[in-house]
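Visitor: Supplied in structure tokens, the structure appears directly below.
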Amino acid sequence: MARELSEVGVVGLGTMGAGIAEVFARAGLSVTAVDVDDAAVQRGRGHVEKSTGRAVSRGRLDPADRDAIVSRIRFTTSMDDLAQAELVVEAVPERVDLKAAVLSALDRICPPDTILATNTSSLSVTELSVTTGRPGKVIGMHFFNPAPVMKLVEVVRTVGTEPAVVEDVEALAARLGKVGVTIGDRAGFIANALLFGYLNHAVAMVEDRYASREDVDAAMRLGAGLPMGPLALLDLIGLDTAHQILGTMYRQSRNRLHAPSPLIEQLVTAGLLGRKAGRGFYTYADRHSAEVVADAQTPVAGAAAAGARPVRSVGVLAVAGPKADADRLDALVPAAASAGLPVARVLAEPGTGPEGWTGPVAGLANADLVLVAGTDDPAVFAALGGLVQDGAVLAATSSGRPVVEHAAASGRPADVVGLHLAGPGSALRVAEVVAGLLTDPGAAATVHAFCARVELPAVTAPDRAGRIVDALLFPYLNDAVRMLEARYATADDIDAAMVSGCGYPMGPFELLDLVGLDVALAVERQLYAEVREPGLAPAPLLEHLVTAGHLGRRAGRGFRDSRAR
Ligand code: 3HC
């Protein structure tokens, strides 16, 4: 039977500590909240008042309940006030010396059965536990930012944590209304280990000037359905924290993809730590605000469409091929028609030329913009290049090959653009517009202008495997498979962690089953083949499941019913 804890403490009242104190107080626990000096304590109190005040102003919390919550927290600068606590969470900055000092002080002050929990996001809980005289009572309790909102708590047990302590903390997490996932002590635990490789990769994309920060963020919000873009999320987390977490993950994994991007390092050195500093990747209205002020380098809306060619009619060449490609393109046809653009839709069997195509081929030949779906065969562009009128733009919507290959095959390379339609299922949420090495900027602008006309948000993406969305999403899915393969956590726990810790619309295994394991494997092979980065090599478990015919939802078998293996 788990103990019912009622007297708890929090040490360190930054964003996380103050949020954790609020979570405890909301659940009716009596909280002692400690920081080093009056200024820090006042800041902590300010966090709680602001957060609960916001809930009141949104009609989510009664003013009387807000007062009761705040009054359940005793703010103090004295650690000795924790002498009665049954559990204390330390949430001081992510430095092993600081955390060890706090835990040793707590070890002296608190009764022997007090549980000492650390909210560390990357340090070894085991290493911290042995700095106390009670390693069996030390455990990780990892909350997610903003703590009052995100439902996940990772309960991290070391090899020495007593089972009863794990049980007490699991029960506490449930009482807080959180989703508790219990795991062993490994750098990044579940959620950070899967999140930070992705965040680091997004920074590298911006740093290498493959895409702008706005386009990366918009692509991931709209194309992958994430609540925030990766760069805005890094600003929320804090670049110093992110740097620390990546450093620890890299030291443990030696995976180059975890080595903190130089840009993160430079932002930290410059003190541009994100929202809390008023500036990180973006500039904020004030230190505590989520509101972004227009930065000097923010592109002017519509600038991407300057130099666009006129589009009076659209052609669609749908080659019998992947169903998702065809569905996506079909979703675009009514939008074009309602924007007053006549659409000539032609069907083709793979490997056939215009003489074998069915539908209004003459309409296709006279169109100003021709969208090609369902094929990665450059021969289709060779055929189209000889058919369409001068000045027409050819857009490749499949993404298996670089745009430049289609451009070279077409005989009119300046006119060929990539238009990848991204979004969950057949939904169209965002277009990734790709200019290849030989593409005329006016042709790319034509596609941007077309997207604006059919009211489809568009970003500019690089002519690289996976463009933005797939290049960032699939390595994360692959990392999740590797985590399952290493038996660190179950597919259910990994899915729950990403949904409740990071607000993802679904977990990686649910998404893999939905997308199709064979489709995921094909994308991952493409990403790996482009740069031969060992960290991108498809996980053997994914290869095996595909070989065994476990292709996901459409095959009736995927990760969901293959978990036992
Ligand atoms: N404190 C308290 N409540 C907050 C809050 C805060 N800082 N920020 C937002 N909220 C509440 C709002 O009051 C609102 O509540 P309501 O629906 O009851 O009115 C709700 O959250 C939604 O807020 P908004 O409408 O203002 O904004 P959004 O809908 O855009 O949501 C978000 C904001 C919850 C932050 C959402 O964008 C999100 O889920 N982002 C992903 C965050 C994430 O990934 N966190 C994990 C980071 S990793 C981590 O923390 C681990 C660490 O080790 C680094």
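Visitor: Looking at the structure I just gave you, is THR397 closer than 19 Å to ALA326 by Cα, touching a helix residue (DSSP H, G or I) at 6+ places or on another chain (Cβ under 7 Å) and among the polar types (S, T, N, Q)?
Guide: yes
Visitor: Specify which of the listed residues (ARG134, ARG95, ARG157) is farther than 30 Å from TYR476 by Cα and either in contact with a Phe, Trp or Tyr (Cβ under 6 Å, 6 or more places away or on another chain) or away from the ligand (no atom under 14 Å from the Cβ) (or both).
Guide: Of the residues listed, the single one that is farther than 30 Å from TYR476 by Cα and either in contact with a Phe, Trp or Tyr (Cβ under 6 Å, 6 or more places away or on another chain) or away from the ligand (no atom under 14 Å from the Cβ) (or both) is ARG134.
Visitor: Oh, and also: Considering only the range 383-400, I want to know if a residue exists there that is open to solvent by less than 20 Å² (accessible area, probe 1.4 Å), of a type outside the set (D, E, K, R) and closer than 21 Å to ASP208 by Cβ.
Guide: Checking the range 383-400: not a single residue is open to solvent by less than 20 Å² (accessible area, probe 1.4 Å), of a type outside the set (D, E, K, R) and closer than 21 Å to ASP208 by Cβ.
Visitor: Report the residue count in the range 227-242 for those that are near the ligand (Cβ under 6 Å from one of its atoms) and hydrophobic (A, V, I, L, M, F, W, C).
Guide: Residues that pass the stated criteria total 3.
Visitor: Could you identify the single residue in THR131, THR161 that is buried (at least 20 other Cβ atoms within 10 Å of the Cβ), at pLDDT 95 or above and either over 30 Å from the mean Cα position of the chain (by Cα) or on the phi > 0 side of the Ramachandran plot (or both)?
Guide: THR161
Visitor: Against the conditions (1) surrounded by fewer than 21 Cβ atoms within 10 Å (Cβ to Cβ); (2) modelled with pLDDT under 95, where does THR15 fall short? Just the number, please.
Guide: Here THR15 meets the rest and fails (1).
Visitor: In the range 311-337, what residues are at pLDDT 90 or above and either in a helix (DSSP H, G or I) or open to solvent by less than 50 Å² (accessible area, probe 1.4 Å) (or both)?
Guide: Hits for the range 311-337 are VAL311, SER313, VAL314, GLY315, VAL316, LEU317, ALA318, VAL319, ALA336.
Visitor: Also, quick follow-up: In the range 249-264, which residues are within 19 Å of the chain's Cα centre (by Cα), farther than 18 Å from ARG186 by Cα and part of a helix (DSSP H, G or I)?
Guide: LEU263, ILE264
Visitor: Here's another thing I want to ask about it. Looking at HIS201 and the list (1) under 17 Å from TYR476 (Cβ atoms); (2) open to solvent by less than 40 Å² (accessible area, probe 1.4 Å), which single condition is not satisfied?
Guide: (2)
Visitor: Of the conditions (1) within 38 Å of the chain's Cα centre (by Cα); (2) free of Cβ contacts under 8 Å to residues at least 40 places away in the same chain, ALA373 satisfies every one except a single condition; which number is it?
Guide: Here ALA373 meets the rest and fails (2).
Visitor: Looking at SER121 and the list (1) open to solvent by 20 Å² or more (accessible area, probe 1.4 Å); (2) under 12 Å from VAL156 (Cβ atoms); (3) modelled with pLDDT under 95, which single condition is not satisfied?
Guide: With respect to (1) open to solvent by 20 Å² or more (accessible area, probe 1.4 Å); (2) under 12 Å from VAL156 (Cβ atoms); (3) modelled with pLDDT under 95, SER121 is out only on (1).
Visitor: Kindly indicate whether ALA407 is hydrophobic (A, V, I, L, M, F, W, C), in a loop (DSSP other than H, G, I, E, B) and open to solvent by less than 30 Å² (accessible area, probe 1.4 Å).
Guide: No: the conditions fail for ALA407.
Visitor: Among the residues of the range 274-287, write down those that are at negative phi and surrounded by 15 or more Cβ atoms within 10 Å (Cβ to Cβ).
Guide: Hits for the range 274-287 are ARG275, LYS276, ALA277, ARG279, GLY280, PHE281, TYR282, THR283, TYR284.
Visitor: Kindly establish whether PRO378 is open to solvent by 10 Å² or more (accessible area, probe 1.4 Å), under 27 Å from VAL361 (Cα atoms) and free of Cβ contacts under 8 Å to residues at least 60 places away in the same chain.
Guide: Here the answer is yes, as PRO378 does meet what is asked.
Visitor: Which residue, of VAL169, VAL216, VAL165, is closer than 17 Å to TYR282 by Cα and part of a helix (DSSP H, G or I)?
Guide: The match here is VAL216.
Visitor: What's the number of the condition VAL92 fails, among (1) within 20 Å of VAL153 (Cβ to Cβ); (2) open to solvent by 10 Å² or more (accessible area, probe 1.4 Å); (3) assigned to a helix (DSSP H, G or I); (4) touching a residue at least 60 places away in the same chain (Cβ under 8 Å)?
Guide: In the conditions (1) within 20 Å of VAL153 (Cβ to Cβ); (2) open to solvent by 10 Å² or more (accessible area, probe 1.4 Å); (3) assigned to a helix (DSSP H, G or I); (4) touching a residue at least 60 places away in the same chain (Cβ under 8 Å), VAL92 misses (3) alone.
Visitor: If you don't mind, another one. Being of a type in the set (Lys, Arg) and within 9 Å of the ligand (Cβ to nearest atom) is the filter here; which residues of the range 43-78 pass it?
Guide: Passing the criteria: LYS50, ARG54, ARG58, ARG60.
The values are calculated or read from the model by the stated rules, or taken from the named source; none is laboratory data. The structure presented is a predicted model; accordingly, all values stated were derived computationally and were not measured. So basically every Cβ, Gly included, is an ideal-geometry build from the backbone, and we count neighbours across all protein chains shown. These area figures cover heavy atoms from the full protein model, side chains too; ligands, DNA and RNA do not enter into them. Shrake-Rupley method; radii C 1.70, N 1.55, O 1.52, S 1.80 Å.
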